[in-house]
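Have a look at the structure below before the remarks.
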Amino acid sequence: MPLAPEYQAMFEQLAAAGPTPSLSEIPVSDARDAYRAMRPVNPELAIHATEDRQVSGPLGDIPIRIYRPEGDGPFGTLVYFHGGGWVIGDIDTCDAVCRELATLANIVVVSVDYRMAPEHVFPAAVDDCYAVVEWVSNNQGAVNGNGRIGVAGESAGGNLAAVMALMSRDQGGPSIAFQGLLYPVTDCSMSQQSYADNGEGFILETPLMQWFWDTYCPNEADRTDPRATPIHAQSFANLPSALVITAEFDPLRDEGEAYGEALKAAGSPAEIMRCDGLVHDFFSTAAVFECSRGPMLAMVERLKTHLN
């Protein structure tokens, strides 16, 4: 399928503006600022209430943002992990998505501002995220939860969501009812056909993904740890229901779909949704591009089913 018209127009505008350096070619602080500019907070998106607070973690307090829908509840709770290659991104860059998921699915969303590389390399992000999942499970009263907990995230956040489901199963941790894996990173090999097909010209390019891996997990031996690459888990059985969303023009497409197939082969319920014509990070445009809106609403329906 051809590129969606909205993205075709966007890429033409970017090309007309002239070349710009990759995020991997500028200082990390500048890359973070640039990503915030790409995914700004949109206060006009409806949300009943938000609350910023901190949760105790293994190496200090972890900032979280709680999004509450209208109504008395109790509500299902979704723990959400932002994308950005474990290097860029924060709770502001996924604020628009979290607002919409909370409002449209009528759930509480807890967004996690986990520690990032290069200041904190693997497994710091994993440890922070799991601490918040445990906190949500142990503090359902504080979030007005109904006992049903999901995990979700985009790209590196999808990686962390998959890892949370595995860790919760393997460590006898919180019961997870649903995992939403949005164009997730699941493999470190970068050898899939989708890298050959889509590794240049579509938002996420191969050198940038390589920089993310080198920054987050500089010890290459660590990259096959299932907490870094969940495709290396010993078993995919007895995992929560999954929705794996991929994009046609994304280098991560094939590894996300391979993870979904591994779940299904092991008997874990999983739905794989490939979004034709779309590129990596397309939830960032779900409030403005019609082509991105449908997959967002599909995610909303799955959240309603599994958490409420």
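Values computed for the structure shown
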{"read-out": "Relative compactness, segment 200-274, computed as alpha-carbon Rg over 2.2 N^0.38 Å", "value": "1.22"}
{"read-out": "Calculated on alpha-carbon atoms, Rg and Dmax of segment 5-307 in Å", "value": "17.8, 53"}
{"read-out": "Estimated 222 nm signal from helices in the chain, with DSSP H stretches of n ≥ 4 weighted -39500 (n - 2.57), rounded to 500", "value": "-11500 deg cm²/dmol"}
{"read-out": "GNM top mover of Tyr67, Tyr183, Tyr35 - the chain, alpha-carbon springs below 10 Å", "value": "Tyr35"}
{"read-out": "Solution diffusion estimate, µm²/s, Stokes-Einstein, segment 234-308, Kirkwood Rh from C-alpha pairs, 37 °C, viscosity 0.692 mPa s", "value": "250"}
{"read-out": "Extension gain from Asn42 to Ala287, taking 0.36 nm per residue of separation minus the Cα-Cα distance", "value": "87.2 nm"}
{"read-out": "Gaussian network model of the chain, Cα within-10 Å springs - most flexible of Ser241, Ser111, Ser24", "value": "Ser24"}
{"read-out": "Fewest-first sequence of Leu297, Leu23 by Cβ atoms within 10 Å of each Cβ", "value": "Leu297, Leu23"}
{"read-out": "Percent RCO, i.e. relative contact order, over segment 5-307, from Cα pairs under 8 Å lying at least 6 residues apart", "value": "17"}
{"read-out": "Simple Cβ-charge dipole of the chain, Lys/Arg +1 and Asp/Glu -1, about Cα centre, in debye nearest 20", "value": "900"}
{"read-out": "Karplus 3J(HN,Hα) series, Hz, for segment 187-197 with 6.51 cos²θ - 1.76 cosθ + 1.60 (x for Gly, Pro)", "value": "9, 9, 6, 6, 10, 6, 4, 5, 5, 5, 7"}
{"read-out": "Net lengthening on full extension, Asp170/His120 (0.36 nm per residue, minus Cα-Cα)", "value": "15.6 nm"}
{"read-out": "Antiparallel %, DSSP beta bridges [both residues in segment 5-307], to 5", "value": "30"}
{"read-out": "Candidates Glu205, Glu44, Glu255, ranked by Gaussian network fluctuation over the chain, Cα under 10 Å, top entry", "value": "Glu44"}
{"read-out": "Segments 48-56, 228-236, 86-94, 242-250 sorted - mean Cβ within 10 Å per residue, highest first", "value": "242-250, 86-94, 228-236, 48-56"}
{"read-out": "Among Leu104, Val87, Leu252 - extreme Cα towards positive end, dipole of the chain, charges at beta-carbon", "value": "Leu104"}
{"read-out": "Separation between Cα centres of segment 4-47 and segment 122-193, rounded to whole Å", "value": "26"}
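Bear in mind that the values in this text are calculations on the coordinates, not laboratory data. From a predicted model like this one, the values you see are computed outputs, not experimental measurements. Every residue, glycine among them, receives a Cβ derived from its backbone with ideal geometry; neighbour counts consider all protein chains shown.
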